[in-house]
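Step one of this worksheet: look at the structure below.
The values are calculated or read from the model by the stated rules, or taken from the named source; none is laboratory data. None of the values given here were measured: they were computed from a predicted structure. Here the Cβ positions follow ideal geometry from the backbone for every residue, glycine too, while neighbour counts run over all protein chains shown. Ligands, DNA and RNA are excluded from the accessible area calculation, which covers all protein heavy atoms including side chains. Shrake-Rupley method; radii C 1.70, N 1.55, O 1.52, S 1.80 Å.
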Amino acid sequence: MKAKRCKVCRTDFTPSKPMQCVCGLKCALSLASLAKAKRERTHASQERKETKAKLEKLKTRGEWIAEAQAAFNRYIRLRDAGKPCICCGLPMGPSVPGGAVDAGHYRSRGSAPHLRFDERNVHAQRKQCNRYGSGNVVGYRLGLIERIGLVAVEALEADNTPRKYSADDLRAIKATYQAKRLELEKARA
């Protein structure tokens, strides 16, 4: 028979059987344990996928809203990176989660939940203005008029159309803003 290379130790050997792929018993045991480990990894991966799918089905509407809001806010912070704060005009700090920049809503999520994913209603805002300055609504309105115009601001203020987001809508919103964020990151790189 023709000489072969052992799959485990990579030495040349002459096989005694036609389908033999290892040089001896030690390498055969090693190959069997490698194959078993691979099967176990595949099985564990499949179990993780199934568990993840089950957990996705068990998510509440509130959890979907939180995930969609997080993706939307990351996009807004990236979109407005390099621009001054919408309400005070001061330069922003680093735009990292937990950093000095928030995605501040002109009409709050509590008073106008139907506008929580409206890009005209949300802009990057210094944490001092958004959290500690109660949103600085007067300054925010002036900055908003500067950025999107008075007509758009008045339309935003007049928009009271109720919107109910289903889990599928929220999944789509999350996916959309993750894709927009990635596209913006690629364009800036």
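Just how much of E63 is accessible, in Å², when a 1.4 Å probe is used and the result is rounded to the nearest 10? Near enough 90 Å² of accessible area. Can you bin segment 42-121 into rounded, prolate or oblate? Criterion: square roots of the alpha carbon gyration tensor eigenvalues sorted a ≥ b ≥ c, rounded for a/c under 1.5, prolate for a/b above b/c, oblate for the rest. Because a/c hits 1.5 or more and a/b fails to exceed b/c, segment 42-121 counts as oblate. On full extension, the segment bounded by L142 and C9 gains 40.6 nm, given 0.36 nm per residue less the C-alpha separation.
For the residue pair K49 and A81, what label-to-label distance in nm results when each label sits 7 Å from Cα along the Cα-to-beta-carbon direction? Result: 3.3 nm between the two label points. When only the Cβ of Lys, Arg, Asp and Glu is charged (+1, +1, -1, -1), the dipole of segment 31-189 relative to its Cα centre reaches about 740 debye. Where does helix 167-188 land angle-wise versus the long Cα axis of the chain, in degrees 0 to 90, nearest 10? Once rounded, the angle reads 90 degrees. Think of segment 80-189 as a dipole: +1 on every Lys or Arg Cβ, -1 on every Asp or Glu Cβ, centred on the Cα centre; then among H105, L170, A158, L170 lies furthest on the positive end. For the chain, with all protein chains in place and a probe radius of 1.4 Å, 58% of the accessible heavy-atom surface sits on carbon or sulfur. Using the 1.4 Å probe convention, the accessible area of the chain works out to 64 Å² per residue with neighbouring protein chains retained.
Rolled with a 1.4 Å probe across the full set of protein chains, the surface gives L184 an accessible area near 40 Å². A probe of 1.4 angstrom, applied to the heavy atoms of all protein chains, finds V101 with accessible area near 10 square angstrom. Here the contact order of the chain, divided by its residue count and restricted to Cα pairs under 8 Å and six or more residues apart, works out to 19 percent.
To the nearest 10 degrees, how steeply does helix 137-148 sit against the main Cα axis of the chain, on a 0 to 90 scale? So the inclination is approximately 70 degrees. Look at the Cα gyration tensor of segment 65-172: its axes a ≥ b ≥ c give a/c of at least 1.5 with a/b at or below b/c, and that counts as oblate. Working from label points 7 Å from Cα in the Cα-to-Cβ sense, the D159 to E63 distance is 2.9 nm.
Computed over protein heavy atoms with a 1.4 angstrom probe, the accessible surface ordering of Y140, Y165, largest first, is Y165, Y140. By how many degrees, between 0 and 90 and to the nearest 10, does the Cα long axis of helix 25-58 differ from the longest principal axis of the chain? Between helix and principal axis, roughly 20 degrees.
By its C-alpha gyration tensor, with a ≥ b ≥ c as the square roots of the eigenvalues, how is segment 132-189 shaped: rounded for a/c under 1.5, else prolate for a/b larger than b/c, else oblate? It is oblate, given that a/c is not under 1.5 and a/b is not larger than b/c. Not counting the cut sites, what is the longest span of the chain without trypsin sites (Lys or Arg not before Pro) that DSSP labels loop and that have at most 13 other Cβ atoms within 10 Å? After excluding every exposed loop site, the longest remaining stretch is 11-162. Computed on protein heavy atoms with a 1.4 Å probe, the accessible areas place M92, M19, M1 in the order M19, M1, M92, largest first.
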